[in-house]
Every structure is written in C-alpha cells, then in structure tokens.
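Trainee: Once you've had a glance at the structure underneath, I'll fire off some questions.
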Amino acid sequence: MADAILEVFRGTQEAGAAKQYTVPIAPGMVVLDALHYIQANLEPDLAVRWNCKAGKCGSCSAEVNGKPRLTCKTRMDALPTDKPITVYPMKSFPVIKDLVTDVSWNYRVNKKIPPFSPKPKTDWKMYQEDMDRVQEFRKCIECFLCQNVCHVVRDHHKKEEFGGPRFFVRVAALEMHPLDNVSRAKLLKDELGIGYCNITKCCTEVCPEEIKITDNAIIPLKERVVDEFYDPVMKLVRKIRGAPKAD
Amino acid sequence: MTNQTKYETHEHDVLIIGAGGAGLRAAIEGLAAGARVAVVSKSLLGKAHTVMAEGGIAAAMANVDKADSWRTHFRDTMRGGKLLNNWRMAQLHAQEAPERVRELEQWGALFDRTSDGDILQRAFGGHTFKRLCHVGDRTGLEMIRTLQDRGVQMGFDVFMECTIIRLLTDGKRVVGAFGYWREQGRFVVLKAKAVVMATGGIGKAWRVTSNSWEYTGDGMALAYDAGAELLDMEFVQFHPTGMVWPPGVQGILVTEAVRGEGGILRNKEGQRFMEKYDPNRMELSTRDVVARSIYTEVREGRGSEHGGAYLDISHKPAEYVKQKLPSMYHQFKELADVDITKGPMEVGPTCHYMMGGIRVEAETAASSLPGLFAAGEAAAGLHGANRLGGNSLSDLLVFGRRAGLGAAAYADKAPAASINDGQIAEAERDMLAPFDRGEGENPYSVHRDLQETMQNLVGIFRVEEDMNKAMGELEKLKARAARGRVEGSRLFNPGWHLSRDLKSMLTVSEAVTRSAMARKESRGAHSRIDFPKLDEQVWGRQHNLITRDGDRMKLQQIPVDAIPGELNELLAEDK
C-alpha cells in the first residue's frame, strides 16, 4: 500500500519545528489515524488530543495543510499526496506541546455568560418549530475551530475584550430559548465585544457541525444589541418604561 | 516531613473522579447540599464519553405511550438484565428517571418535542413502550453540556486533564487521591472527605470498541487496589452495531436509534435474519441477542462484504433520516462514503459498555470502602447481565445524584483524617519508573496485544479453553507492562500516560476473565459456548465478587438479593 508523508509540528510555544514521518495509508484512513500510527510505531510522546474519533467531541482540532479541521474527519484520500501533509496546532492558542494547545481562554469566556433562567410559572410546553433554530446552536461540539479562525482572535489578539463565535453561538442558544427570561445584550456589547465581528463568515466556513454561525447566531445578536442600545425609538421607549430587562 | 509541602495540594469535601454525566450530576448535587466540590477529568471538560451517547435517556414519562409507568420500566430493566440486577437500584432508577429528565429541561436542555409540546420519546430495544427522551441522535451532547453549564454556574472546581493514579486511604477509609497533570506531568494531592468514582468503563481493553482512549477501567482498578469490591465483572456489553468498514473507523458506534426509527437488519442473502432469533421483537430485541445474532450470521458465512450485517434505514424518507439521525448521516457520508438515505450501512458488534463494576449500596451509591462512592458505568448493579439502550444516561442522572448526596452527607460527618506520605511516595516511584529503564517495551505494543487477547479470547462467545489461554496471556502482559519504558519528557507525553492506563486495563481484564471463567452458564451478555443455557438453580442465584487479597485477586460468590413480593409480581405479569 502507498505511503504518505506527514509533516507534524513538534515542540512547545518556545521552541519547535516540523518533523516528517512516513505513514502507510489504509483505506478510509483519516489524519488522526496517521497521528496514532506515529504514536504507536515511531514516536510515543507525540502529543495529540482526541476522544471519540467520530466527530462528536471536538477534541482533535488542528490545522491540516493550513486549514483548521477535525483530524478525525479529515480523510487522507481527500488530500494531495504529491507533497507532505502538514499538521500544525491551532494557531490562535498557545502551544503546550506538539498539537496540544492551551484552550483555557474559552472556558474563562464561558463563565461570563449568565445561565438559562426560565420565565416564572412556565408550564414547560415547547414546540418543535420554536426549537429548531435553537437546536442548531446546541449542536456545537466545542472544537474551537471557529475561535481559532476568527481574525479578531487570530490576527488582532483581542482575547480580553472579545468572546468569539463559539460564545456568540452559546449566547444565541440562550437568548432564543423559547422559555428564557434574561437579556444578554449588554454582555454581548460590553464584555463579549460582538461589535468587533465584521461578519466575514470565516467561522461558519470551518464549523464541522455546519452551524450557520454568522447568519443565524451573530447577525441576529447584533440586531438585538442595536435594538436595545442604539435604536432611537427603542431608547425613547426605554426612557418612558424604565431600563431594559435585567441582565 | 510531610509531602504536602512538596506537592501541590487541594482540599475539598467531595472529590469527584470523572466528568461525564454521572460525575457532573454528582457534583451538582454535592454543591446543592453545601459541600465544597472538585471534579477531576482526564480530558477537557465536556469531552467525556457521555458526549458520544446518541439514542436517548430512558424515562417512563408516558408522553407518547400513555400506558407507560415506572413499573413497566422496572420490569423491562430487570428482564433485560436477566434478573441479576440489584432490584432496588432498578426500582429507584425507574421511579426517579422522569424527574431527572425534567430537571435537565429546567436547566436548559432542549429535547425534541411531541406535537403537544412535551418531550418526545422513541422506541428502543427491550423497552415495552416508546420511552427514550432524545435530541436527534446527539442526546449525550445535550446532556453533558447542560450539566457542565449548571455545574460551572454553581461553582465547582474543575481539574482538567488530570489523571488519578492512587486513592489515598487512612486505615480503610478513603481520604483523597493522588494524581498528575497530564499537561506538565507534575503530581498533585487531592484531599477529600469523600470520593465519588465516576470514571466509566473498560472498552479500550478490546480491539473493536466504541469507547475512547479514556475508557481504561481506572476507577474500577483504583477502587480494587484500595480494597473495594468489584461485582459482576464478566458482563461486558457488545453493542450490536458498530461500523465495520473502513478499517480506521471499525467499532465506532452506530446508534440503536437507527433500529428504533425502523432500521432493518439483513444478511448478504437479503434475509431479515432477526426473524430467526427473536421473531417478536426483531431488530428491537435486547443488545445481547442482536449482537450474538449478527456474530452468528457472519460466522456461518452470511456476513456482509466486510464481515458484518447490513442495516438499512433507506426505506424512510431522506429528510426524515437526516432530521432524526443527523450525525449518523454525516458519519457514514464522511467516513465511509455511504449515503444512508440511499443504501444500507455495514455494521457489526463492538465492545461498548461494562455492566459490572464497583459494588455499591443502592440508596447512597456507597461502596464497601468508607468514604468511597461510585456511580454510572464504574458502578455495578442496575443493569444486571445486560443493559438496555437508554438506561445508561438515566443511570448517570439517577445514581450520579444519589452519589453526590451520599458523598456530601458522609463528608458532613467525616472526622479528620491524615494523608499517608508513604502511599504517595510509592505511587510516585511506580509512575516515574518507566523513565528510568534503559531498555524496555513501548506501552503501545503491550496495549495492542492486550486488545487482541481480550478480543479473541474473552469476546462475545466464550469457552473455558480460550479463557485459560487468556489468563496465561494476561500474566505475560503484566510482566511486559511492568518492564515498560517510555521516551521523552513528562510534558504531555501520551506514551507515559498509556503506561499507567495499561496497568488499570490489565487489572480489570483479569477481573473480567476470572469472573467469566467462573460463571458456567450463558446469561445476558455473557455467552459460553461450553455452557449455552441459563442455570437458574446455581448461577441465577449468585454474583461473582472480586476483591484484592494481598497481591492476588480473589474471586468468590455472593447470593443475589431476593426481590420483594410486590415487585416480584410485576415481573411475573405478561406484556
């Protein structure tokens, strides 16, 4: 059977370089299989995160031939074999070792988001047609590829003032939950910096769950922020009726 | 003199090992009871194996089939488990599951709905009624995300990518754990008044498995090492439908929901073979029966092209399939070049779940060791000889909650304890030894041989001769593992991590093999070629129990608890 050459980043944030490995190709093989082959046969200390190997846990994100991908869903036979296949860690996060990065920033952002708070005295009746759009957001497997590819994070390093597409998706799921009773508009504007997003749709393109992040989550959330904070009519209404609902 | 100056040390009331459904649910309950709670996980938060659960949570909510009740759920669970279940656990589980599901909804989970706006329920193998609350075929993801968000908001401490290598004991009592950060390889002491083991199963000891790298039996082995009892270890569930082709995806789960939604199994001759094995329940027979049926078809030469069976849902409208089974649709399309709306999938048995585990008390999830609790797949009892699909997620919720309550109550009254530095020093020495060996074997090759041994000799069908051979192989593998060597540094080193996980796998594999050899009958997931029948007189009345006796593994039998009269009458009822 044919061989493939993998060029894998080895090292830490401080020091590292790509190293080439020859891996025999089996039918249907994915890049994660090739990385496992290297671990088991060539270099047992190659650091890779993975869990389910079926596209459901979002652990094995990396940049394959320059594209952010889940390595468990990237078929070797879909990649050109006339040159080495490059596998690098996600660029937007500090490298711990090899392909493993420090993604703890994401967990810190998540903590800022107020949880689901049901309307008082709800009867818990919900209808599928009201839930379809929310269930799309709930498909997110937290692979953080969208966070990795977003230029606000990747090129402008605005981790302190920006939440990133993953957390706009999470906020959208809460805001559009049929029974939720909290507004997160102020959070979106002030702490998650949704205004930084200029809807280039890079996040949507890399989402392995095919969530339409920009169209279905970010744009409607931007509209909410505009309605609540910048719309002169709404401003007047608020002045008369008091502050917007608690956040 | 004390190690606590040498090591990073944390102290909590309740320490939970494992951050899947059971661990997170235990943490939430512990916090609600006022305890200071920490959760340790080998992976990042939210990646535990619960995320892989697809089909649904079994709970007799009677939203779709109004006739359903906890009584029927109890009966289905007991019958599925061939009456080896802990009857009290089966009762509590059936009674409490609906409330646990409603609770998830109140914390933000969004289940698929009926036209009346209630939680939709689907059919599953061995369940009399449509009982599985679900979200398409990604129910586990919904559940873990809901629990994770709830726990984070309530304020537990999370120690991610941390592996526990030893339970610390003061006399017989468990008073904490010792582990290492996978990232940097540094050691950490976690003192606690009570510990909950929620570490899942042991699938990685088999070659073909639906389980992730984390499933190395750590919790069972740690508990065993510390002196706890392991129960019913011979009962390993092979899920009937894993992917069989291409080779790299072999074993990946194909949800039972495919059959729940009407999927049909055929052999290469086009015959719907379940007609032969279970004409009444057909594809929705229990997992042990369907797995054996597929295996038998393949062995007798009627298998599919790559040695499985054909599972077909393409008679349903394509849009329906994509809506109800979206991740199956993508999984086959992307990994196997198969469009399941147009043609059949190839499927075969895959090692999936451990019914046996740490022996616990039904009400509190307490193990036989003071201060140690267990829930979920790491614990034994609820599922008996065979688990029904959907009963795992409900198990995690019901007994995760009870373990959290039990541990918090214990911690509240627990007297002061001291940490034994000798135990820590020993664990550290063992853990670092593979770096010091000039020569020795790569842990990956030992792991590969362990998987072959368990796959070929302690698989779906078992026979004395094979298992004798397996015992010999396990001895050799233990010796090889003890001489293992790892390369590189302590910084995120998977080879080093595996060298420790391998020890747990070997301990648990031995417990499985010993128990399987002892049980000279076929019951549920345990099928003996040399003893093909149920033996109600002897083995219907006893469990296998494993304990540590010095360096030796001790096997004994204990009686099955008698089922009280009114519950026994439920079991006798028809339907």
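Nothing in this text is a laboratory measurement; each read-out follows from the coordinates by a stated rule. Quantities reported herein were computed from a predicted structural model and do not represent experimental measurements. Virtual Cβ from ideal backbone geometry, glycine too; neighbours counted across all protein chains shown.
Trainee: Taking chain B as the reference, fit the longest principal axis to its C-alpha atoms, fit the long axis of helix B:391-413 to the helix C-alpha atoms, and give the angle between the two in degrees, 0 to 90, nearest 10.
Mentor: The angle comes out at about 30 degrees.
Trainee: Return the subset of A:LYS139/A:LYS159; A:LYS19/B:LYS478; A:LYS53/B:LYS469 for which the Cα-Cα distance in this structure is over 30 Å, preserving the input order.
Mentor: Long pairs (Cα-Cα over 30 Å): A:LYS19/B:LYS478; A:LYS53/B:LYS469.
Trainee: Also: Would you be so kind as to identify which of B:GLY18, B:HIS383, B:LEU502 lies farthest towards the positive end of the dipole of the protein assembly as shown, taking Lys and Arg as +1 and Asp and Glu as -1 on Cβ and the Cα centre as origin?
Mentor: Farthest towards the positive pole: B:GLY18.
Trainee: Only sites in a loop by DSSP and with at most 11 other Cβ atoms within 10 Å count here; which GluC sites (Glu not before Pro) in segment B:468-575 make the cut?
Mentor: Answer in residue order: B:GLU573.
Trainee: Ok, one more. Give the dimensionless ratio obtained when the Cα radius of gyration of segment B:429-528 is divided by 2.2 N^0.38 Å.
Mentor: Output field value: 1.22.
Trainee: Give the cross-link partners of B:LYS268 among the lysines, using a straight C-alpha distance below 18 Å as the criterion and excluding same-chain residues fewer than 8 apart.
Mentor: B:LYS276, B:LYS342
Trainee: In segment B:358-462, which trypsin sites (Lys or Arg not before Pro) are in a loop and have at most 15 other Cβ atoms within 10 Å, using DSSP for the loop call?
Mentor: Within segment B:358-462, the qualifying trypsin sites (Lys or Arg not before Pro) (loop, at most 15 other Cβ atoms within 10 Å) are B:ARG437.
Trainee: Quick one: angle between helix B:70-80 and the longest Cα principal axis of chain B, in degrees between 0 and 90, rounded to 10, please.
Mentor: 80
Trainee: Something else about it: Specify whether the C-alpha gyration tensor of segment A:38-85 places it in the rounded, prolate or oblate class, a ≥ b ≥ c being the square roots of the eigenvalues: rounded for a/c under 1.5, otherwise prolate if a/b is larger than b/c and oblate if not.
Mentor: Here segment A:38-85 falls in the oblate category.
Trainee: So, one more: Which of B:LEU474, B:HIS306, A:GLY55 sits closest to the plus end of the dipole of the protein assembly as shown, meaning its Cα is farthest towards the positive end, when Lys and Arg get +1 and Asp and Glu get -1 on the C-beta?
Mentor: My answer, from the dipole projection, is A:GLY55.
Trainee: Counting DSSP beta bridges with both partners in chain B, what percentage is antiparallel, nearest 5?
Mentor: 65
Trainee: Quick one: divide the alpha-carbon radius of gyration of chain B by 2.2 N^0.38 Å and tell me what you get.
Mentor: Rounded to two decimals, the normalised Rg is 0.92.
Trainee: Note down the Stokes-Einstein diffusion coefficient of segment A:3-101 in µm²/s, whole number, using a Kirkwood radius over alpha carbon pairs, 37 °C, and 0.692 mPa s.
Mentor: So the translational diffusion coefficient is about 247 µm²/s.
Trainee: Please enumerate, by chain and number, the lysines with C-alpha under 23 Å from the C-alpha of B:LYS413, excluding those fewer than 8 residues away in the same chain.
Mentor: In chain and number order, the partners are B:LYS172, B:LYS191, B:LYS193.
Trainee: Highest first, please rank the peptides A:120-133, B:170-183 by the mean number of other Cβ atoms sitting within 10 Å of their residues.
Mentor: B:170-183, A:120-133
Trainee: Find the Rg to Rh ratio for segment B:338-474, where Rh is the Kirkwood radius over alpha-carbon pairs and Rg uses the same atoms.
Mentor: 1.08
Trainee: In degrees, nearest 10, range 0 to 90: what is the angle between the Cα axis of helix B:464-482 and the longest Cα principal axis of chain B?
Mentor: 40
Trainee: Compute the semi-axes of the equivalent ellipsoid of the protein assembly as shown, taking the square root of 5 times each eigenvalue of the Cα gyration tensor, and list them largest first in whole Å.
Mentor: Value: 38, 32, 30 Å, ordered largest first.
Trainee: Strictly under 4.7 angstrom between C-beta atoms: which cysteines of the protein assembly as shown have no such partner?
Mentor: A:CYS60, A:CYS72, A:CYS140, A:CYS143, A:CYS150, A:CYS197, A:CYS202, A:CYS207, B:CYS133, B:CYS162, B:CYS351, each lacking another Cys Cβ under 4.7 Å.
Trainee: For B:ASN456 and A:SER183, what is the calculated FRET efficiency with R₀ set at 60 Å and r taken between the beta-carbons, to the nearest 0.05?
Mentor: For R0 = 60 Å, the calculated efficiency reads 0.50.
Trainee: Right, here's the next one. Taking a ≥ b ≥ c as the square roots of the eigenvalues of the Cα gyration tensor of segment A:104-241, is the shape rounded (a/c under 1.5), prolate (a/b larger than b/c) or oblate?
Mentor: Note, shape of segment A:104-241 comes out oblate.
Trainee: Hey, another quick one. Take every DSSP beta bridge with both residues inside the protein assembly as shown and express the antiparallel ones as a percent of the total, to the nearest 5.
Mentor: 70
Trainee: How many partner chain Cβ atoms sit within 10 Å of a residue's Cβ in peptide B:216-223, on average, as a whole number?
Mentor: Mean partner shielding for this stretch: 0.
Trainee: Report the dimensions of chain A along its three principal axes from the alpha-carbon atoms, largest first, rounded to Å.
Mentor: 73, 39, 27
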